[in-house]
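Step one of this worksheet: look at the structure below.
Each reported figure results from applying straightforward, stated rules to the coordinates on display, with no laboratory input. Nothing here was measured: the structure is a model prediction, and the numbers come from that model. A quick note on method: Cβ atoms are made from the backbone with ideal geometry, for glycine too, and the neighbour counts reach across all protein chains shown.
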Ligand code: SME
């Protein structure tokens with residue numbers, strides 16, 4: 001079976017609407033979370049040309065880098081630190097139009113200008129990780145991204161949580 005994505009829409013919501021059923025088809029019958037997170041990162045990066053797309057997973061008292069697409073990134077983030085650690089602590093998505101204006105932002109690359117972080121929830125409702133998406137443009141993310149990225153992270157099940 002060919003695994004290439006088919007995306008035709010030119011607008012952001014249209015591209016997410018085409019992408020989501022394809023992500024569901026890719027992940028629904030695959031129990032391996034690393035395989036699914038890898039495909040989600042690739043699908044998002046290549047559909048939207050994002051600068052960086054990746055997952056951090058909660059391991060003990062830190063977020064630890066997991067599957068990602070893009071330049072090398074920091075590996076460990078403490079709760080409450082940076083955008084990722086803040087999304088974990090608040091248990092909610094955070095949209096950052098200008099990373100330089102976010103107190104405590106962790107700059108893995110000086111090319112990253114705006115960012116969105118969406119938490120992943122375990123079956124008990126606790127945060128088990130985050131999806132972090134970075135753009136090299138200012139204000140690249142809005143509520144449209146938040147809505148669809150939340151649906152996309154819902155496709156990921158982490159076996160040991
Ligand atoms: N900017 C993030 C750190 C992760 S990198 O962007 C890949 C933060 O402030 O949490």
query: Considering only strands (runs of 3 or more DSSP E) fully contained in region 1-98, which possess at least 3 residues that are touching a strand residue (DSSP E or B) at 6+ places or on another chain (Cβ under 6 Å) and within 13 Å of residue 131 (Cβ to Cβ)?
result: 52-59, 62-69
- request: Taking residue 75 as the residue in question, decide whether it is within 12 Å of the ligand (Cβ to nearest atom) and surrounded by fewer than 20 Cβ atoms within 10 Å (Cβ to Cβ).
  value: yes
query: Taking the condition in contact (Cβ under 8 Å) with a residue 40 or more places away in the chain and outside any strand (DSSP E or B), does residue 157 pass?
result: yes
- prompt: Residues of region 99-118 being more than 9 Å from the ligand (Cβ to nearest atom), out of contact with any strand residue (DSSP E or B) (no Cβ under 7 Å at 6 or more places or on another chain) and under 16 Å from residue 50 (Cβ atoms), which ones?
  reply: 111
Some residue of region 78-92 being farther than 20 Å from residue 15 by Cβ, surrounded by fewer than 21 Cβ atoms within 10 Å (Cβ to Cβ) and away from the ligand (no atom under 13 Å from the Cβ): yes
